[in-house]
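J.: Okay, here's the structure, questions in a sec.
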Amino acid sequence: MFFGLFSIYPVLNALYLSFFQKHLLSTAAPRFIGFGNYQYLFQSPTFWNSLTVTGIFTGGTFAMLVGLSLVLALFISSRKRFQRFLQLAFFSPAVVSTVVAAAIWLLIFDPRGIANQLVNTLAGTPGVDRRWLVAPSMLQLATMLVYVWKYVGYFTIIFIAGISSIPRSLVEAARVDGASVWQTFWKVTFPLLKPTTLLVSVVAMIQCLRTFSTQYLFSQAGSPRGPIDVITLNVYHTAVRTFQIGRASALSIILFAIMLFLSWLQFRVARSEEVSYL
Amino acid sequence: MKRAAWFLVMLLALGLVATAANPVKITFWTHEDPNRTPLEEEYIRRFQALYPHVTIERVTYPSARIAEVLLTAFAAGKGPDMFNLEVNDAYPYLVMGRVAPLRPEWVGYASVDSILGAYLGGTLDPVYRDGKLYGLPLELTIWSVFVNEKYLREVGLDPDTDYPHTWEQMMEVSEKLVIREGDIIKRRGFDFRYGYYVEWLLAMVEQLGGAFLSPDGQTAVIGDEAWLQVLRYMQQWGPLGKNLGSPTYTPARNLFNYDRNEVTMCLTGFYQIARIRTQNPAFYESGEWMVIPFPVFENAVNDVASHYYGHYYMVNAQSSLETQEWTWRFIAYMLSNPEEYLTRVGLIQPRKDLLASDVYAAQPYGDVFASDMARSSLVQLHVANPEFKQLLDEAVKAVMLQGVTPEAALATLRTKANEVLAEYK
């Protein structure tokens with residue numbers, strides 16, 4: 001009942017609205033236009049740009065999140081001391097609100113901020129503006145870094161839980177049989193981490209596709225919208241700036257369909273590679 | 001004397017209609033303004049004391065968020081009883097029938113015409129429709145240029161004579177004033193008020209004979225040469241040109257008051273004076289700042305200042321008639337103190353009696369604002385203006401930050417703006 005009310009109903013309502021033309025402020029009844037909103041979107045360069053931008057952001061962030069959190073989890077799990085401290089340190093950004101996180105990173109990426117100072121110190125190029133909030137590729141990278149910083153700890157904790165559930169006897173048996181650390185990881189640990197990796201992959205991908213606050217705050221702070229106009233930001237602009245709630249609903253439904261398809265694909269791929277040593 | 005008499009008549013009228021009626025609760029949403037809050041809370045206390053059956057709840061939202069908060073509330077049928085919005089954002093509410101007209105007797109006037117006559121000509125046009133008035137102005141200002149004289153002198157310029165009169169001079173003077181460390185700007189000479197393009201960017205285009213909309217409102221982007229000159233200017237201003245400023249730097253007007261050698265000139269309204277006084281009394285008293293008129297291009301064909309920037313108090317059409325009446329009475333009560341809004345908050349309510357008063361004449365740089373207002377006008381209103389603002393933002397950032405040529409940015413702007421217009425035809 002609870003799930004139906006708060007999850008299914010909004011989706012069905014958005015689906016219904018996506019077939020109508022409605023001005024958000026108008027009190028007039030919505031006008032049925034069939035697939036008109038979808039037709040408009042598929043012919044709109046702004047929509048295709050949003051799709052591309054979402055793909056770039058999701059691809060880049062997803063790879064960094066999954067890869068980095070696995071590496072960090074392996075590193076932390078191998079430590080005998082400071083495990084709790086390291087878990088807490090990496091997890092803490094996850095409890096910071098995305099708005100606050102974006103605000104902090106806006107200061108870091110400001111032309112006079114730490115990002116330029118750090119890169120210029122390392123590269124020995126004083127006074128160079130790396131244009132973090134301006135140049136399209138740097139802007140995309142900047143939003144990815146914010147997201148990775150915020151969520152890498154969260155996924156690290158999930159991986160640590162997955163690693164700790166692998167029987168130590170299997171790892172020790174492999175080492176006794178003469179397997180190197182590298183071989184032990186690839187032949188024992190990684191295959192047994194598949195369910196955790198699947199969970200992390202699905203959650204991380206959905207999380208990346210739903211990104212909004214970082215891009216919103218960056219565009220509000222003066223950055224050009226085009227390079228970071230992910231689908232969710234486009235939904236916001238279509239509804240709140242252009243008042244086209246039907247068209248915004250159609251965009252949401254497309255995003256929902258993409259999420260559904262990619263999640264299904266991941267489950268499908270993972271099922272075909274299931275491993276068990278028991 | 002005349003004003004005092006008018007005030008008494010209005011209070012009497014309000015008193016006569018006060019009845020021991022049902023309790024009325026008024027929800028009032030407005031944007032944050034630290035100087036205005038204590039004043040309006042005082043008015044609320046006084047009004048509630050006069051009419052104990054009325055309760056007013058004042059809620060503030062950040063300026064950048066109030067438009068979307070209101071929009072979602074109205075879309076859900078849960079809008080407040082009264083609110084104020086910048087005129088371009090407010091206009092769709094009027095066109096879509098979401099706001100209620102006032103009755104002149106509720107606000108102490110005999111007729112709508114007498115209200116129109118009390119205000120500066122044309123200033124009520126955005127809220128006047130089919131013989132009815134749907135709003136009263138909280139403030140109407142134009143944006144002029146605030147200057148820190150100290151930094152002009154530092155680079156050998158005389159603030160009295162060498163201040164920029166034209167946009168070309170603005171660029172020259174800013175090049176002298178700017179301090180950089182490599183590419184990174186440490187002090188800006190001047191910087192624009194990015195985001196509010198309808199007010200200043202369109203004025204620049206109009207100086208050169210261009211316009212955003214044709215007079216019949218059917219075609220967007222008029223006068224290519226004017227647009228191209230302005231877009232080229234912005235391209236030169238940005239980090240890919242002479243690197244004098246950028247939308248990604250902290251807004252110049254937010255830094256100006258602190259006098260920390262970060263910005264010399266900014267574009268802002270009359271209210272900035274009250275904010276300097278509050279945020280940095282020493283700088284306010286120092287006499288080291290001044291206000292100069294909105295510049296024009298050397299080849300301008302029209303001598304126009306920035307467009308009016310205004311906020312109007314409006315009333316929710318979905319509120320009960322009784323609530324609408326008391327809300328308008330409350331608005332009239334607050335707005336019957338234009339001199340306090342002027343002296344304590346720095347807001348100009350465009351009433352003829354206020355603009356002719358000694359109080360207005362005594363305001364620092366009131367004459368500069370008055371002369372800029374005389375060459376200013378309201379922007380051509382359209383229900384899609386909030387969307388047009390976004391398109392202008394895209395065009396400016398494309399040339400300033402993304403390396404798009406002015407020609408290409410103009411072509412995109414034209415295509416998108418005319419597509420939007422077509423949807424409203």
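J.: With the condition being within 14 Å of chain A (Cβ to nearest Cβ) and under 30 Å from A:Leu233 (Cβ atoms), I'd like the helices (runs of 4 or more DSSP H) fully within the stretch B:306-425 carrying at least 1 qualifying residues. Working first, answer last.
T.: Details: elements: B:321-335, B:352-355, B:358-361, B:366-374, B:385-401, B:406-423.
The helices (runs of 4 or more DSSP H) meeting that bar are B:385-401, B:406-423.
J.: Evaluate the stretch A:28-40: report whether one residue or more is modelled with pLDDT of 95 or more, away from chain B (no Cβ under 14 Å) and either surrounded by 13 or more Cβ atoms within 10 Å (Cβ to Cβ) or more than 25 Å from B:Glu419 (Cα to Cα) (or both).
T.: Yes.
J.: State yes or no: is B:Arg153 in contact (Cβ under 8 Å) with a residue 12 or more places away in the chain and either of a type in the set (D, E, K, R) or out of contact with any His (no Cβ under 8 Å at 6 or more places or on another chain) (or both)? Show your work before the answer.
T.: Details: in contact (Cβ under 8 Å) with a residue 12 or more places away in the chain: no; either of a type in the set (D, E, K, R) or out of contact with any His (no Cβ under 8 Å at 6 or more places or on another chain) (or both): yes.
No; evaluated as a whole, the condition is false for this residue.
J.: While we're here: Can you work out which of the residues in the stretch B:74-88 that are part of a helix (DSSP H, G or I) and within 11 Å of another protein chain (Cβ to nearest Cβ) is nearest to B:Leu347 (Cα to Cα)? Walk me through it before giving the result.
T.: Initially, the stretch B:74-88 is screened for residues part of a helix (DSSP H, G or I), giving B:74-75, B:87-88.
Now restrict to residues that are within 11 Å of another protein chain (Cβ to nearest Cβ): B:74-75.
Numbers: B:Phe74: 27, B:Ala75: 30 Å.
Step by step, filter the stretch B:74-88, then rank; the result is B:Phe74.
J.: So, one more: For A:Gly124, state whether it is closer than 26 Å to A:Ile206 by Cβ, of a type in the set (Gly, Ala, Ser) and at pLDDT 90 or above. So that I can check it myself, show each step before the final result.
T.: Details: closer than 26 Å to A:Ile206 by Cβ: no; of a type in the set (Gly, Ala, Ser): yes; at pLDDT 90 or above: yes.
Considered against the rule, which asks whether it is closer than 26 Å to A:Ile206 by Cβ, of a type in the set (Gly, Ala, Ser) and at pLDDT 90 or above, A:Gly124 comes out as no.
J.: Here is a further query. Being closer than 24 Å to B:Ile222 by Cβ and β-branched (Val, Ile, Thr) narrows it down to one residue among B:Val368, B:Val345, B:Val420, B:Val359; which is it?
T.: Working: B:Val368 fails: closer than 24 Å to B:Ile222 by Cβ; B:Val345 fails: closer than 24 Å to B:Ile222 by Cβ; B:Val359 fails: closer than 24 Å to B:Ile222 by Cβ.
When all the criteria are applied, what remains is B:Val420.
J.: A further question on this structure: Which of the residues that make up the stretch B:277-303 are in a helix (DSSP H, G or I) and either in contact with an Asp or Glu (Cβ under 9 Å, 6 or more places away or on another chain) or small (Gly, Ala, Ser) (or both)?
T.: Restricting attention to the stretch B:277-303, the residues satisfying the condition of being in a helix (DSSP H, G or I) are B:277-279, B:281-286.
Hits for the stretch B:277-303 are B:Arg277, B:Ala282, B:Phe283, B:Ser286.
J.: Quick check on A:Ala142: is it assigned to a helix (DSSP H, G or I), away from chain B (no Cβ under 14 Å) and of a type outside the set (S, T, N, Q)? Before the answer, list the steps.
T.: Details: assigned to a helix (DSSP H, G or I): yes; away from chain B (no Cβ under 14 Å): no; of a type outside the set (S, T, N, Q): yes.
No: the conditions fail for A:Ala142.
J.: Please count how many residues of the stretch A:91-118 are farther than 30 Å from A:Ile160 by Cβ and in contact with a Lys or Arg (Cβ under 6 Å, 6 or more places away or on another chain).
T.: Of the residues in the stretch A:91-118, 1 are farther than 30 Å from A:Ile160 by Cβ and in contact with a Lys or Arg (Cβ under 6 Å, 6 or more places away or on another chain).
J.: Kindly provide the set of residues from the stretch A:41-61 that are modelled with pLDDT under 95 and of a type in the set (Phe, Trp, Tyr), ordered by number.
T.: None - no residue of the stretch A:41-61 is modelled with pLDDT under 95 and of a type in the set (Phe, Trp, Tyr), so the list stays empty.
J.: For B:Tyr51, state whether it is surrounded by fewer than 17 Cβ atoms within 10 Å (Cβ to Cβ), aromatic (Phe, Trp, Tyr), out of contact with any Pro (no Cβ under 9 Å at 6 or more places or on another chain) and over 17 Å from B:Glu139 (Cα atoms).
T.: In short, no.
J.: Here's something else I'd like to know. Test B:Thr30 against the criterion of being away from chain A (no Cβ under 14 Å) and either touching a residue at least 60 places away in the same chain (Cβ under 8 Å) or not hydrophobic (A, V, I, L, M, F, W, C) (or both), and give yes or no.
T.: Values: away from chain A (no Cβ under 14 Å): yes; either touching a residue at least 60 places away in the same chain (Cβ under 8 Å) or not hydrophobic (A, V, I, L, M, F, W, C) (or both): yes.
In short, yes.
J.: Moving on. Name the residue, out of B:Leu342, B:Leu378, that is surrounded by fewer than 19 Cβ atoms within 10 Å (Cβ to Cβ) and within 25 Å of the chain's Cα centre (by Cα). Explain how you work it out, then say what you get.
T.: Details: B:Leu342 fails: surrounded by fewer than 19 Cβ atoms within 10 Å (Cβ to Cβ).
The conditions single out B:Leu378.
J.: With the structure loaded, tell me whether B:Ala67 is in a helix (DSSP H, G or I), among the aliphatic types (A, V, I, L, M) and under 27 Å from B:Arg193 (Cβ atoms) or whether it fails that test. Write out each step before concluding.
T.: Working: in a helix (DSSP H, G or I): yes; among the aliphatic types (A, V, I, L, M): yes; under 27 Å from B:Arg193 (Cβ atoms): yes.
The answer is yes for B:Ala67.
J.: Within the stretch B:254-299, work out how many residues are within 14 Å of chain A (Cβ to nearest Cβ) and either buried (at least 20 other Cβ atoms within 10 Å of the Cβ) or under 13 Å from B:Lys150 (Cα atoms) (or both). Steps first, please.
T.: Kept after step one, since they are within 14 Å of chain A (Cβ to nearest Cβ), are these residues of the stretch B:254-299: B:254-255, B:260-263.
Restricting the remaining residues to those that are either buried (at least 20 other Cβ atoms within 10 Å of the Cβ) or under 13 Å from B:Lys150 (Cα atoms) (or both) gives B:260-263.
Residues in the stretch B:254-299 being within 14 Å of chain A (Cβ to nearest Cβ) and either buried (at least 20 other Cβ atoms within 10 Å of the Cβ) or under 13 Å from B:Lys150 (Cα atoms) (or both): 4 in total.
J.: Of the residues A:Gly67, A:Gly60, which is assigned to a helix (DSSP H, G or I), under 26 Å from A:Gly222 (Cα atoms) and not hydroxyl-bearing (Ser, Thr, Tyr)? Write out each step before concluding.
T.: Details: A:Gly67 fails: under 26 Å from A:Gly222 (Cα atoms).
Among A:Gly67, A:Gly60, only A:Gly60 is assigned to a helix (DSSP H, G or I), under 26 Å from A:Gly222 (Cα atoms) and not hydroxyl-bearing (Ser, Thr, Tyr).
J.: Pick from B:Leu133, B:Leu71: which is in contact with a Phe, Trp or Tyr (Cβ under 9 Å, 6 or more places away or on another chain), surrounded by 14 or more Cβ atoms within 10 Å (Cβ to Cβ) and not assigned by TED's automatic domain parsing to the domain that holds B:Leu392? Step through it out loud before you land on a result.
T.: Working: B:Leu133 fails: in contact with a Phe, Trp or Tyr (Cβ under 9 Å, 6 or more places away or on another chain).
The unique qualifying residue is B:Leu71.
J.: Still on this structure, please answer the following. Considering each of B:Leu347, B:Leu401, B:Leu413 in turn, give the residue that is in contact (Cβ under 8 Å) with a residue 60 or more places away in the chain and in the same structural domain as B:Glu40 (by TED's automatic domain parsing).
T.: Values: B:Leu401 fails: in the same structural domain as B:Glu40 (by TED's automatic domain parsing); B:Leu413 fails: in the same structural domain as B:Glu40 (by TED's automatic domain parsing).
Criteria check complete, one pass: B:Leu347.
J.: Sticking with this one: Out of B:Tyr313, B:Tyr309, which single residue is under 30 Å from B:Thr412 (Cα atoms) and buried (at least 23 other Cβ atoms within 10 Å of the Cβ)? Walk me through it before giving the result.
T.: On the way: B:Tyr313 fails: under 30 Å from B:Thr412 (Cα atoms).
None of the other options fit; the residue is B:Tyr309.
J.: Something else: Could you give every pair whose Cβ atoms fall below 6 Å, whose first residue belongs to the stretch A:102-113 and is more than 10 Å from every other protein chain (Cβ to nearest Cβ) and free of Cβ contacts under 8 Å to residues at least 60 places away in the same chain, and whose second residue is surrounded by fewer than 17 Cβ atoms within 10 Å (Cβ to Cβ) and of a type in the set (A, V, I, L, M), counting only separations of at least 6 or pairs across chains?
T.: Every condition considered, the pairs that remain are A:Ile108/A:Ile114.
J.: Taking the options B:Thr268, B:Thr248, B:Thr278, name whichever one is touching a Leu at 6+ places or on another chain (Cβ under 8 Å) and hydroxyl-bearing (Ser, Thr, Tyr). Can you show your working first?
T.: Details: B:Thr268 fails: touching a Leu at 6+ places or on another chain (Cβ under 8 Å); B:Thr278 fails: touching a Leu at 6+ places or on another chain (Cβ under 8 Å).
None of the other options fit; the residue is B:Thr248.
J.: What number of residues within the stretch B:395-416 are closer than 23 Å to A:Leu41 by Cβ and surrounded by fewer than 22 Cβ atoms within 10 Å (Cβ to Cβ)? Break it down stepwise before answering.
T.: Step one: of the stretch B:395-416, the residues closer than 23 Å to A:Leu41 by Cβ are B:395, B:398, B:411-416.
Right, trim to surrounded by fewer than 22 Cβ atoms within 10 Å (Cβ to Cβ) and you get B:411-412, B:414-416.
Qualifying residue count, the stretch B:395-416: 5.
J.: When you go through (1) without any contact (Cβ under 8 Å) to a residue 60 or more places away in the chain; (2) within 18 Å of A:His237 (Cβ to Cβ) one by one for A:Val53, which number turns out not to apply?
T.: Unmet condition: (1).
J.: Condition (residue is away from chain B (no Cβ under 11 Å), assigned to a helix (DSSP H, G or I) and surrounded by fewer than 18 Cβ atoms within 10 Å (Cβ to Cβ)) applied to the stretch A:124-136: is it met by at least one residue? Working first, answer last.
T.: If we filter the stretch A:124-136 for residues that are away from chain B (no Cβ under 11 Å), which is where we start, we get A:124.
Pick out the ones that are also assigned to a helix (DSSP H, G or I) and you get none.
Among the residues of the stretch A:124-136, not one is away from chain B (no Cβ under 11 Å), assigned to a helix (DSSP H, G or I) and surrounded by fewer than 18 Cβ atoms within 10 Å (Cβ to Cβ), which makes the answer no.
J.: Tell me which of these B:Trp200 doesn't satisfy, since it passes every other one: (1) within 14 Å of another protein chain (Cβ to nearest Cβ); (2) in contact with a His (Cβ under 8 Å, 6 or more places away or on another chain).
T.: For B:Trp200, the failing item is (1).
The values are calculated or read from the model by the stated rules, or taken from the named source; none is laboratory data. From a predicted model like this one, the values you see are computed outputs, not experimental measurements. Cβ sites come from the backbone with ideal geometry, for glycine too, and all protein chains shown count toward neighbours.
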